[in-house]
Amino acid sequence: RRAHMRVKVLYFARAREATGSTEESAEIENGTTAKALLETLVRRFPKLQEIRSCLVLAINQEYADGSAVLKEGDEVALIPPISGG
Amino acid sequence: RRAHMRVKVLYFARAREATGSTEESAEIENGTTAKALLETLVRRFPKLQEIRSCLVLAINQEYADGSAVLKEGDEVALIPPISGG
Amino acid sequence: MAGIQSDPSAVDTRSSASKFDPQNDFVNVTSEALSLDAAYKAVHSTAAGAITTFSGITRDNFDGKKVVRLEYEAYAPMAIAKLKDICSEIRSKWDVCKIAIFHRTGVVDVGEPSVIIAVSSVHRASGLEAARFGIDELKATVPIWKKELYESGDLWKENSEFKPKAASGD
Amino acid sequence: MAGIQSDPSAVDTRSSASKFDPQNDFVNVTSEALSLDAAYKAVHSTAAGAITTFSGITRDNFDGKKVVRLEYEAYAPMAIAKLKDICSEIRSKWDVCKIAIFHRTGVVDVGEPSVIIAVSSVHRASGLEAARFGIDELKATVPIWKKELYESGDLWKENSEFKPKAASGD
């Protein structure tokens, strides 16, 4: 069994509505990428599927590439298309 | 003796300081151009000479060419370089 | 445009198809203190998604010399006419809701606005571009003069943008 | 720049040489009503000859549908960080005095500002360009969301400018 770690996941706007949650603590395997975490979340929350293609991730308040490997305690945010202004 | 007419002449900013006047009524010959009027004024007010080259004229509140022929009752303004804003 | 429809006898002799809209365009040359809030309210509209304002502020220095006081002088009726022309030009170039251009005359203390331009628009780009055009054009065409008073003398400023459409000097 | 001098140990890892200047740059994400006057005062300086402001106003309609209400939601700490990044970028591109960028969250009534940007500068061009860059960049990068409520349903809006520097979806 591989070692696990915890990350904080934040949901905003349509992602918040799709998951019914604003944030949670997720347990993931060491070495998990941002993209792999997102795929896990889409399986848990099927409603995320419809915004999946336009979701962007932020890690620790910076936009991140899906290939980024997560670390213990990271704050991962699901960012639907923004509409500030 | 040629027929004469009257025009109103307005002086602003450096032109006002050079003539010591804000406005006057000038008697000029029929057919006088704006440029000819300005030359007459420069002879009367020698201090206008030093701003002569940068003066622009307005006739009835529109920038005008020196070749414009003045008419009875015209309002002619001596416009030094502007500095609004 | 309301102004055109309400006065069908008016003929616009300029090349531009648009014109000053007295219902939605506000220009003023006044010796009273200018208010950004008043300019904002003048152009406010619930149909507008953007309000851009530009305030020209009297600076406390020029070329390292301390400015003690500024005085503005205007050829008021022609200045008003030129400000209306600027509104017309803006409307011929951009889709804007309302325009306000206010210029102050007389003594203007350091730090106070001498000119305020406000433009409301449905989309932001048109308002931002129109406000910029407005101040650029004002500096080039509106007959207003500024004298700066320093501790050692005074100076009539000259806008490098000054370019009346018909030059008459020679 | 004061911010750099006061903290010599800070290393700016971005490509830009300039950075957020906490003495002269003001950013906020707040549920309270925004005030244009407060933004103007925040950037006011007697060394500045120009103050440009941009206000984004909630419109009463979209695609012909009447907007009943608007709600903004923000990822506040990241939004603040991104607004500071915008200040840094402005300082790397233009010579400006002070910058204020305020964004509101929660319910914003029709006609009220949801965002206000104010920039003071010695010369007008830099302030006008910086304000425009600021709102363009805000719409492209700052994690804030707007939901429009109509009489018949609601809609999360999407800025066409949205372009995070690193996309992670695939």
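With the dipole of the stretch D:21-152 worked out from charges on the C-beta (+1 for Lys and Arg, -1 for Asp and Glu) around the Cα centre, which of D:31, D:72, D:97 lies farthest toward the positive end?
Value computed over the given set: D:97.
Which FRET efficiency, nearest 0.05, do residue A:23 and residue C:112 yield, Cβ-Cβ r, R0 56 Å?
Details: r = 48 Å, r/R0 = 0.86.
According to the calculation, E is roughly 0.70.
I need the peptides A:49-58, D:126-135 ranked by packing, meaning the mean over residues of other C-beta atoms within 10 angstrom, with the highest value on top. List each step's numbers first, then the result.
Numbers: A:49-58: 17.4, D:126-135: 23.6.
Going from most to least packed, we get D:126-135, A:49-58.
Set Lys and Arg Cβ to +1 and Asp and Glu Cβ to -1, take the dipole of the protein assembly as shown about its Cα centre, and tell me which of B:40, C:145, C:131 lies farthest positive.
Result: B:40.
Across peptide D:40-52, what mean number of C-beta atoms from other chains lies inside 10 Å of a residue's C-beta?
Taking all residues of D:40-52 together, the mean is 6.
Looking only at other chains, what is the average number of their beta-carbon atoms within 10 angstrom of each beta-carbon in B:35-43? Please report the intermediate quantities before stating the final value.
Working: counts 3, 0, 0, 3, 0, 0, 0, 0, 0.
Neighbouring Cβ atoms belonging to other protein chains average 1 per residue here.
Chains B and C: how much accessible area gets covered up at their contact, both sides added, probe 1.4 Å, in Å² to the nearest hundred?
Buried area (both sides, nearest 100 Å²): 2700 Å².
In what order, largest first, do C:65, C:82 sit by accessible area if the probe radius is 1.4 Å? Working shown, then result.
Working: C:65 85, C:82 25 Å².
Of C:65, C:82, the descending order of accessible area is C:65, C:82.
Could you tell me what a quarter of the Cα convex hull surface of the protein assembly as shown works out to, in nm² with one decimal place?
Average projection, Cα convex hull of the protein assembly as shown: 29.8 nm².
Treating the beta-carbon of each Lys and Arg as +1 and of each Asp and Glu as -1, no other charges, what is the dipole magnitude of the protein assembly as shown about its Cα centre, to the nearest 20 debye?
Using only the charged Cβ atoms, the result is roughly 420 debye.
Taking chain A as the reference, fit the longest principal axis to its C-alpha atoms, fit the long axis of helix A:34-44 to the helix C-alpha atoms, and give the angle between the two in degrees, 0 to 90, nearest 10.
The helix A:34-44 is inclined about 70 degrees to chain A.
State the answer as a single residue: which of B:26, B:68, B:84 lies farthest towards the positive end of the charge dipole of chain B, with beta carbon charges of +1 for Lys and Arg and -1 for Asp and Glu, about the Cα centre.
About the Cα centre, the residue reaching furthest to the positive side is B:26.
Any idea what the relative contact order of the stretch B:2-68 is, in percent, if you count C-alpha pairs under 8 Å spaced at least 6 apart?
30 percent
Over 32 Å between Cα atoms: which of B:47/C:84; C:163/D:139; C:66/D:93; C:82/D:139 fall into that group?
Pairs exceeding 32 Å: B:47/C:84; C:163/D:139; C:82/D:139.
Just which residues of the stretch A:46-69 lose 40 Å² or more accessible area with every protein chain there, against their chain alone, with the probe set to 1.4 Å?
Residues passing the criterion (a loss of at least 40 Å², heavy atoms only) are A:56, A:61, A:63.
Distances from residue C:149 to the same position in the other copies: list them in nm, one decimal, shortest first, using label points 7 Å from Cα along Cα→Cβ.
Label-point separations across copies, in nm and ascending: 5.7.
What is the minimum Cβ-to-axis distance for chain D, in whole Å, where the axis maps D onto C, and to which residue does it belong?
Reported as residue, whole Å: D:53, 2.
Rounded to whole Å, give me the distance from the Cα center of the stretch C:54-133 to that of the stretch D:19-97.
Their Cα centres are 22 Å away from one another.
Using a simple charge model, +1 on the beta-carbon of Lys and Arg, -1 on the beta-carbon of Asp and Glu, nothing else, what dipole does the stretch D:21-152 show about its Cα centre, in debye to the nearest 20?
Charge dipole of the stretch D:21-152: 120 debye, to the nearest 20.
What helices does chain C have that are whole DSSP H segments, at least 27 Å long along their own axis by Cα, and with mean Kyte-Doolittle hydropathy of 1.6 or more?
Values: long enough: none.
Helices meeting the criterion: none.
What number do you get for the stretch C:21-152 when its Cα radius of gyration is normalised by 2.2 N^0.38 Å, N = residues?
1.07
Compare the peptides C:30-36, B:21-27, B:70-76, D:88-94 by average per-residue count of other Cβ atoms within 10 angstrom and give them in order, highest first. Can you show the working numbers first?
On the way: C:30-36: 14.3, B:21-27: 12.4, B:70-76: 16.7, D:88-94: 19.7.
Highest to lowest by the protection proxy: D:88-94, B:70-76, C:30-36, B:21-27.
With a cut-off of 8 Å between alpha carbons and a minimum separation of six or more residues, what is the relative contact order of chain D in percent?
Value for chain D: 29 percent.
Whenever you get a sec, compute what percent of the accessible area on the protein assembly as shown sits on carbon and sulfur atoms (1.4 Å probe).
That share works out to 48 percent.
Give me the 1.4 Å probe accessible area per residue for the protein assembly as shown, excluding ligands and nucleic acids, in Å².
43 Å²
Within 10 Å of each Cβ in C:73-79, how many Cβ atoms from other chains are there, averaged over the peptide?
Mean partner shielding for this stretch: 5.
The values are calculated or read from the model by the stated rules, or taken from the named source; none is laboratory data. Note that the structure is predicted; figures quoted are calculated from it, not measured. Using ideal geometry, Cβ is built from the backbone for each residue, glycine included, and neighbour counts are taken over all protein chains shown. For accessibility, only protein heavy atoms count, side chains too; no ligands or nucleic acids. Shrake-Rupley method; radii C 1.70, N 1.55, O 1.52, S 1.80 Å.
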